[in-house]
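Data first, discussion second: the structure below is written as structure tokens.
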Amino acid sequence: MKDLYVKNMKAGTSVKTCLMIMKKLFRDENNNTTAYIGDNTGDIKSIIPDKEDMLKVGDVILAEGLVGNVFDITSFEKIENFNMEDYLPTIKTPIEDIINEIEQISKEEFKSKEIIALNDYFFKNEEFLRQFKKSIGGVSQHHNYRGGLAEHTLNVMYIAKTLAYRYDCRNKEIAILAAKLHDIGKIHELFVDGPFSYTLRGEMEGHIVIGVSMLAEAFNANPELYSEEFKERMKGCIVQHHGKVEFGSPKQPNTEEAYIVHYADYIDATLNKISQIKEGMTPGTWSGYERRIEGKLYY
């Protein structure tokens, strides 16, 4: 069990604790590795006597040494069994509560055969669900913690449902299911079993392209069921959910349901980022410039 976190490590003390290799910087002439190591509370620059150069990013070590301007490690051993949530940011709400709420909306709203079959293709697949539950909404932009993708999905579904009913969307089920599936490509785009980063596929294709290919696989699994219009409307919502070409959408929205999914996604991503910006702020103060909101926040 991990009992000492980076935020509690004090300069001038000798410590022994487990930390993850977050980023390797360089090796010196004495075969010491300088790296950032840490946990879910932060990281610290460290010098590690790794003469065999055996450590890689994402490894967890039990390290012993003196904390100063850097953590000068005198000895370490690699740990094989550990709780990933101790080292990476993780959603505070129990993930099963989020999944249950997602499924409650689905049960209430999904009635047609096409909608139910497409939903079940993904959300009754145990491997898909396993990856979905631990995935992030982004590396840094929003929902950048394990479980963040599920939280974002729930919020986008909720907002899309509200907009679909408020504005009497003709294709309410498509709008709500597309909200549920809009970011499924992120389970392959983003790496979450170590310091968050993009996979090779993620860098090459991005989650929109990956998501459309996942939809195509689902349609091909039951080709007689899905109408051409249904397939194109669903794919359109995925393709268009970033809204503008400059924001990464191959096309801007051109159906009612695509507009709903886009705005629901934009609202939740933006307000989640604002929630993160305001953490630790004092009312009546300004944040620094934030790229996501293209400006500063007055709290």
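Some values worked out for this structure:
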| item | result |
| --- | --- |
| Number of positions in region 253-275 that are of a type in the set (S, T, N, Q) and without any contact (Cβ under 8 Å) to a residue 12 or more places away in the chain | 1 |
| Enumeration of residues in region 142-156 that are under 21 Å from Arg130 (Cβ atoms), open to solvent by 30 Å² or more (accessible area, probe 1.4 Å) and either at pLDDT below 95 or of a type in the set (S, T, N, Q) (or both) | Asn144 |
| Evaluation of Tyr226 against (1) under 23 Å from Asp120 (Cα atoms); (2) under 18 Å from the mean Cα position of the chain (by Cα); (3) open to solvent by 10 Å² or more (accessible area, probe 1.4 Å) (one fails), failing number | (2) |
| Residue list for region 157-174, filter: buried (at least 20 other Cβ atoms within 10 Å of the Cβ) and part of a loop (DSSP other than H, G, I, E, B) | Cys169, Asn171 |
| Residue, farthest from Lys56 (Cα to Cα), within region 1-34, restricted to residues that are open to solvent by 30 Å² or more (accessible area, probe 1.4 Å) and in a helix (DSSP H, G or I) | Asn8 |
| Enumeration of residues in region 83-122 that are closer than 21 Å to Asn220 by Cβ and in a helix (DSSP H, G or I) | Lys113, Glu114, Ile115, Ile116, Ala117, Leu118, Asn119, Asp120, Tyr121, Phe122 |
| Per-region count, region 240-268, residues surrounded by 21 or more Cβ atoms within 10 Å (Cβ to Cβ), under 23 Å from the mean Cα position of the chain (by Cα) and not in a loop (DSSP other than H, G, I, E, B) | 8 |
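Conditions tested, residue by residue: (1) surrounded by 14 or more Cβ atoms within 10 Å (Cβ to Cβ); (2) farther than 29 Å from His143 by Cβ.
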residue: Phe76; (1), (2): yes, yes
residue: Asn81; (1), (2): no, no
residue: Thr90; (1), (2): yes, no
residue: Ile105; (1), (2): yes, no
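The values are calculated or read from the model by the stated rules, or taken from the named source; none is laboratory data. This is a predicted model, so every value here is computed, not measured. As a convention, Cβ positions derive from the backbone with ideal geometry for all residues, glycine included, and neighbour counts pool all protein chains shown. In case anyone asks, the SASA skips ligands and DNA or RNA and just uses the protein heavy atoms, side chains included. Shrake-Rupley method; radii C 1.70, N 1.55, O 1.52, S 1.80 Å.
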